[in-house]
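Data first, discussion second: the structure below is written as structure tokens.
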Protein chains: 4
Amino acid sequence: MSITKTLISNFTKVRQRTESICAPLEKEDYAIQPTEDVSPPKWHLGHTTWFFEQFILVQYVEDYQVFNKEFSFIFNSYYEKLGERILRTDRGNLSRPTVDEVYAYRKYVDEIMEQHLPALSCDEIENILTIGLNHEEQHQELLITDIKYILGHNPLLPSYGYFKAHLPIEENEEWVQMKRGQYDIGFRGDTFCYDNELNPHTVFIEEYAIRNTLVSNQEYLVFVENGGYQKFDLWHSEGWDWVQKNENKSPMYWHKLNGKWNHYTLEGLQELDLNAPVTHINYFEAFAFAQWAGHRLPTEFEWEAANQQFKWGQCWEWTESAYLPYPGYKKPDGALGEYNGKFMVNQKVLRGASVATSPSHSRSTYRNFFQPHLRWQYTGIRLAK
Amino acid sequence: MSITKTLISNFTKVRQRTESICAPLEKEDYAIQPTEDVSPPKWHLGHTTWFFEQFILVQYVEDYQVFNKEFSFIFNSYYEKLGERILRTDRGNLSRPTVDEVYAYRKYVDEIMEQHLPALSCDEIENILTIGLNHEEQHQELLITDIKYILGHNPLLPSYGYFKAHLPIEENEEWVQMKRGQYDIGFRGDTFCYDNELNPHTVFIEEYAIRNTLVSNQEYLVFVENGGYQKFDLWHSEGWDWVQKNENKSPMYWHKLNGKWNHYTLEGLQELDLNAPVTHINYFEAFAFAQWAGHRLPTEFEWEAANQQFKWGQCWEWTESAYLPYPGYKKPDGALGEYNGKFMVNQKVLRGASVATSPSHSRSTYRNFFQPHLRWQYTGIRLAK
Amino acid sequence: MSITKTLISNFTKVRQRTESICAPLEKEDYAIQPTEDVSPPKWHLGHTTWFFEQFILVQYVEDYQVFNKEFSFIFNSYYEKLGERILRTDRGNLSRPTVDEVYAYRKYVDEIMEQHLPALSCDEIENILTIGLNHEEQHQELLITDIKYILGHNPLLPSYGYFKAHLPIEENEEWVQMKRGQYDIGFRGDTFCYDNELNPHTVFIEEYAIRNTLVSNQEYLVFVENGGYQKFDLWHSEGWDWVQKNENKSPMYWHKLNGKWNHYTLEGLQELDLNAPVTHINYFEAFAFAQWAGHRLPTEFEWEAANQQFKWGQCWEWTESAYLPYPGYKKPDGALGEYNGKFMVNQKVLRGASVATSPSHSRSTYRNFFQPHLRWQYTGIRLAK
Amino acid sequence: MSITKTLISNFTKVRQRTESICAPLEKEDYAIQPTEDVSPPKWHLGHTTWFFEQFILVQYVEDYQVFNKEFSFIFNSYYEKLGERILRTDRGNLSRPTVDEVYAYRKYVDEIMEQHLPALSCDEIENILTIGLNHEEQHQELLITDIKYILGHNPLLPSYGYFKAHLPIEENEEWVQMKRGQYDIGFRGDTFCYDNELNPHTVFIEEYAIRNTLVSNQEYLVFVENGGYQKFDLWHSEGWDWVQKNENKSPMYWHKLNGKWNHYTLEGLQELDLNAPVTHINYFEAFAFAQWAGHRLPTEFEWEAANQQFKWGQCWEWTESAYLPYPGYKKPDGALGEYNGKFMVNQKVLRGASVATSPSHSRSTYRNFFQPHLRWQYTGIRLAK
């Protein structure tokens, strides 16, 4: 059986969407890496392309000529497997290959992919292709948040362009009551999911309540102005170290100018929108806010069990759960085995999706994860008790 | 009702045991802090004393004169609450107060405690006293491991004296089979436990097997000599960073001399005992070993559910579980509230007890915790699958 | 008296030469800052322009409208004087202003300068203009060495284009004998010089000899292969720390490939030219080489006293002298006072000029200076004894 | 010819004086290393002993049995020459050997030295013995300043005991005028001096004036209260970084308590003595003060040329000179060659002597040196213009 037309058409759409995200950028924006966790847009463009070249074209297309054999070094994120090299490099130093060369690379790979895909026909390729598209969708979200970081840390605070990031909260605040008992957790369908969502299994949850709405900027502002960042007993010990070391006093992108709170958005600097959910806070901040409010964060199981009772999708929601393997979890063999398992320590799970998440790249069993101090993603707070 | 005689007699015993642990030391050993996680023995002696002075004598004994008002600054571990001070200090700089002064401090506090305890009589004091004794027992274990670190990082490798740390594994290796279903977790008795062991609750566990014996030095040596520390795919990403940065190639205290493996023990440098459990490994190493062996570490719930099926108590056993609050967990109010809750991020749970654990300071629900990179405790590996 | 035509014509030439140096670059090359000491080419272009805008146009041209008031923040190197700002910035994060905007800025300032200069007429302006041109010539040299660093640390090792950097040594090696006695040091003419070359004064020098030729790659290669980087007694204590910490084993840009020594040049990677002077070594390396050769480096006074006896101009030559004020040295008032004086500690003097030095920007009294560990400039070794 | 009685008697006196300096210490004080530049007193005691054992007894006394062969590792400061070792060590971790063992080591070496010295008889030994005594005298000064640092950074601020460190300035302030011309510099006698004071040579100095008195605490206090630590243009670029990074606002050991300035002295915390010379300031502070006062620091040559015109000996006086080799300087061969030469970069020269300098360990040609940021020595300021 050959690869489905839907999948091939998806390939084209996903690849184009990545380029659309970059359309508003100047060439100079593509090469900047202002901090370790943020990658230059050019690197995202190249890396997602290298994925298809390396795992499909090189493996399955006879006589395939790689576009540039240096690129497998430059755009590979799995440095551990590399052989000897003249120079180590940092992603932020890569003025070359140029943006034009990277787009040429994309075009070259896309054309050969589109030409050969209809004739390729095994489950394994279909599987890799699906992973590759999901992988690229993850990088689409990172592209948006990395671009926000790059522009939002430029003293000119340039605008990226129209981007509907801060929608108001429309529902009235309510607490959804959930019963004590067994719940089914994990992905059960026959469509795509990541290895970390498997295996589906049973958990036992005590009685709890979870809020239908996210915490708003207004609520968070009260916490800020009430001295939340000065009260050490609201924070984890590591969280307090983070506050002290960085002299943090508000979410990322908040700026107080002439006594008024503003926040940097992809449309430029704007007055803080009090009705929108608070975002760009890290786990330490989410936890401290919940403590201060007399509540707590939900576990990822509580979140999943209750997710049909509330609207989600505007911010990734920090949970109290650590990112750990589900029962019976097995890393896949080969290079793709590095995808999820090796990060299963010192990370917290986030559930839901954000305004930057790619369409059709979200589901209620999806397990996103970040280190607790990071806040450049669109992250928010849902309370439980 | 007044404080029980048993408790008062316990007070005397626990306080004396702390001093017995230090008996083999030279005065100079008391003041050294070779690394951040290790405290000088003198500090442990003073800090555990300050606890009783501050939380019992100052609060409940009329006209109590503190031994030295500077000590509350020096021996307080809760720096966040301090007022203004001339100088900040590091524990490792404290040549003064002298060892003799610290013993005089202990004597002063102990005598007043023993004199007044029989007359004091409320649940609250009994509660604080019990916490204080458990607190001191925790520091007894730290004293032993910190002394081992201090002497074991001295180039003369001096011996501390007789200490039965490396007992052979006597059982034959077997896998205990456990059924899928609900299990009760957490402390249920009416004797003392820490807040983090409450509340008792139900968990659902999938079918699993757990080994009756700990991993031996012999087994771990095969892993070492098989290149376990060179195979990045056995390690977490953070674990691999740790291996690379510190150029680690074996457990702490192992030394290869003239082609033969030795380990530093509290009795000095000795030939590696192949039949004893491997110890002084961190979570990253425990995980990598389990990966290499084709198995995994148990969760803390799996451990607790099965703990009556195997012998434990020689090493703290790393689990796969992150250190998180149990359902319904509430931090106590006041200074004692800082005891456990603020560490509930980026730490792994260890279960069991070790040769250095104080008598009667262990139970099957006890939740010990450390950051995943630490290995100066007597830590070991039990496998699950 | 109005500003001379020569000076105005110089202005145009110097400004154009800066842009010629950047002509071979891709836009992406302009924004990269791979290490702290290297500035992005875009920053050099903006900063040299800001100098004329700030110190001439803003001060002396009525109704002058600054091109963009944010630029005085972005392109000012004197951060200490800044007022409050929303964000601090690193030069390497500046994707905006774009390259095109920076060139527009240059054009705007140049046109207004050229239009108004003929009518402006005071010594002070002429003085600032002259400093501004010399300042820009210094940045021209930095542009070349920073571009070399940026491209030479890109794993693709791209070529900048034709650049005659490695000329052979043509003279036969000889030692020039110099007599004991008083010598006149410092700038005495009525043309431009920096404040640090004043005041002219007398020094007393003991008898010495100085070599007419620079140390060649061939000579330095013997040192490298003779284990020069492994012999701690050839090095200063700080130099040895530098060797150990960075695992240095050869000059910057040397690469051993398949057993053969190559060096990266602005024309790309080439076989090491044995007859060319060794370059891109720091003071520690220059000193260690001299120790190994049984000689020493000259002082800056020995160099200046003897400079007419040998050819110089291919590499900046490390001297044994620390960068210190001459007798009677006074920092100029105002912002220009920060130019030289504040660096007069922990820096070594280099004398001569290099292939990257701008035409007419060299003289025998010129005092260049860098910290002893830096080696991205065209630096070389002349021996004395 | 055999070793002179004077030298042998000197040996005994110097060795005893070292122990007298330590007499007021508690055992616990001997092992502390609160910062990298400060060594534990125990290490000084052992290291100065190891010097005689290694360079005299081991070399020249037949059948000499080293006291403990581990000690050559522990008490050797020349780590570069060491062979393989089980463990690296930090001086601050050395609880063992104990203080008693170190004193036993001293006694053992001293007795054998005193027994054999009369029979030993060559210039080389006399030379090494003299160096060893001068070496020990240097460590005597370090012992005093290191003890001050250890006790002065203990939050209890304990007193060391009677030590006459802060004598009032008795002379009236005057400027000594010095003529332009040639001056002889360097040591010319036939008694002991360090290699760095040789060779005597001629320098040419421009006309200058130098103050007869040191800068007082009173004068420096005006600078402090006048905002001297907030005015960046008074400081070197590196000095300003030091101010900012450490938030320095006054000399080391000054403490403002209840609005009044105190300083920690070896006799404990005392009200700041306004008539005593300011001390414990680094080169950056000395330079900034001189800038603020409209003067400058003298060069080491100016200092030496004028030294008979003023009283000196209370503080080491920062000069403007970098620590560089004199003309014709040659490092001695062998291990003693590491003594001075390898530090001749990034250090400033101090001239004079301090209250902590050992008797007969000072002369007008003596070149002391420290890195410009250090201030735990008794360092002060003499102005020139």
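The values are calculated or read from the model by the stated rules, or taken from the named source; none is laboratory data. Here the structure is a predicted model, which means the values were calculated and not measured. Note: ideal-geometry Cβ built from the backbone for every residue, glycine included; neighbour counts use all protein chains shown.
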Which numbered condition B:Ser95 fails, given (1) under 30 Å from D:Tyr30 (Cα atoms); (2) in contact with a Ser or Thr (Cβ under 7 Å, 6 or more places away or on another chain) = (2)
Any residue at all in the stretch A:33-49 that is at pLDDT 90 or above, of a type in the set (A, V, I, L, M), farther than 23 Å from A:Ile128 by Cβ and under 24 Å from the mean Cα position of the chain (by Cα)?
-> yes
Residue hits (the stretch D:329-385; aliphatic (A, V, I, L, M) and out of contact with any Lys or Arg (no Cβ under 6 Å at 6 or more places or on another chain)) are D:Ala335, D:Leu336, D:Met344, D:Val345, D:Leu350, D:Ala353, D:Val355, D:Ala356, D:Leu374, D:Ile381
If you go through C:Val176, C:Val203, the only one that is surrounded by 19 or more Cβ atoms within 10 Å (Cβ to Cβ) and either more than 20 Å from the chain's Cα centre (by Cα) or among the β-branched types (Val, Ile, Thr) (or both) is C:Val203
Can C:Pro372 be described as surrounded by fewer than 24 Cβ atoms within 10 Å (Cβ to Cβ), within 17 Å of the chain's Cα centre (by Cα), within 12 Å of chain D (Cβ to nearest Cβ) and not hydroxyl-bearing (Ser, Thr, Tyr)?
-> yes
Please work out which one of (1) within 13 Å of another protein chain (Cβ to nearest Cβ); (2) farther than 24 Å from C:Leu120 by Cα; (3) assigned to a loop (DSSP other than H, G, I, E, B) is the condition C:Ser39 fails and give its number.
-> (1)
Does the stretch D:225-235 hold any residues that are assigned to a loop (DSSP other than H, G, I, E, B) and without any contact (Cβ under 8 Å) to a residue 60 or more places away in the chain, and which are they?
-> D:Gly227, D:Trp235
Flag if D:Gln244 is part of a helix (DSSP H, G or I), within 14 Å of chain C (Cβ to nearest Cβ) and not hydroxyl-bearing (Ser, Thr, Tyr) = yes
Being of a type in the set (Lys, Arg), surrounded by 18 or more Cβ atoms within 10 Å (Cβ to Cβ) and in contact with a His (Cβ under 9 Å, 6 or more places away or on another chain) narrows A:Lys348, A:Lys342 down to just A:Lys342
Residue set A:Gly294, A:Gly328; condition surrounded by fewer than 20 Cβ atoms within 10 Å (Cβ to Cβ), at pLDDT below 95, on the phi > 0 side of the Ramachandran plot and over 22 Å from the mean Cα position of the chain (by Cα); output residue A:Gly328
Counting only residues that are away from chain D (no Cβ under 14 Å) and of a type outside the set (A, V, I, L, M, F, W, C), the stretch C:336-366 contains a total of 13
Out of the residues in the stretch A:276-288 that are closer than 20 Å to A:Asn172 by Cα and buried (at least 24 other Cβ atoms within 10 Å of the Cβ), which is farthest from the other protein chains (Cβ to nearest Cβ)?
-> A:Pro277
Taking D:Glu126, is it surrounded by fewer than 20 Cβ atoms within 10 Å (Cβ to Cβ) and free of Cβ contacts under 8 Å to residues at least 40 places away in the same chain?
-> no
Pull up the stretch D:140-172, narrow it to residues that are crowded, with 19+ Cβ neighbours inside 10 Å and charged (D, E, K, R), then point me to the one that is farthest from the other protein chains (Cβ to nearest Cβ).
-> D:Glu141
Test set (1) more than 7 Å from chain C (Cβ to nearest Cβ); (2) modelled with pLDDT of 70 or more; (3) more than 27 Å from the chain's Cα centre (by Cα) - A:Glu70 fails condition number | (1)
Does B:Ser20 fit the bill of being among the polar types (S, T, N, Q) and within 14 Å of chain D (Cβ to nearest Cβ)?
-> no
Pick from B:Tyr208, B:Tyr253, B:Tyr220: which is facing another protein chain (nearest Cβ under 9 Å), among the hydroxyl-bearing types (Ser, Thr, Tyr) and crowded, with 16+ Cβ neighbours inside 10 Å?
-> B:Tyr208
Which residues, counting only those in the stretch B:307-332, are in a loop (DSSP other than H, G, I, E, B) and either more than 10 Å from chain A (Cβ to nearest Cβ) or of a type in the set (Gly, Ala, Ser) (or both)?
-> B:Phe310, B:Lys311, B:Trp312, B:Gly313, B:Gln314, B:Cys315, B:Gly328, B:Pro332
Which members of the stretch C:105-119 meet the condition of being of a type in the set (A, V, I, L, M) and at pLDDT below 95?
-> C:Leu117, C:Ala119
Residues within the stretch C:236-262 that are within 27 Å of C:Glu320 (Cα to Cα) and touching a His at 6+ places or on another chain (Cβ under 7 Å), tallied = 5
Would you mind stating whether C:Thr6 is modelled with pLDDT of 90 or more, farther than 25 Å from A:Val99 by Cβ, out of contact with any helix residue (DSSP H, G or I) (no Cβ under 8 Å at 6 or more places or on another chain) and not in a loop (DSSP other than H, G, I, E, B)?
-> yes
Which residue, of C:Pro118, C:Pro97, is surrounded by fewer than 17 Cβ atoms within 10 Å (Cβ to Cβ) and over 29 Å from C:Tyr366 (Cβ atoms)?
-> C:Pro118
Going by the structure shown, is B:Glu101 modelled with pLDDT of 95 or more, at negative phi and within 14 Å of another protein chain (Cβ to nearest Cβ)?
-> yes
Residue check for D:Glu225: modelled with pLDDT of 95 or more, acidic (Asp, Glu), surrounded by 13 or more Cβ atoms within 10 Å (Cβ to Cβ) and out of contact with any Leu (no Cβ under 9 Å at 6 or more places or on another chain) | no
Of all residues in the stretch C:181-205, count the ones that are part of a loop (DSSP other than H, G, I, E, B), without any contact (Cβ under 8 Å) to a residue 60 or more places away in the chain and facing another protein chain (nearest Cβ under 9 Å).
-> 0
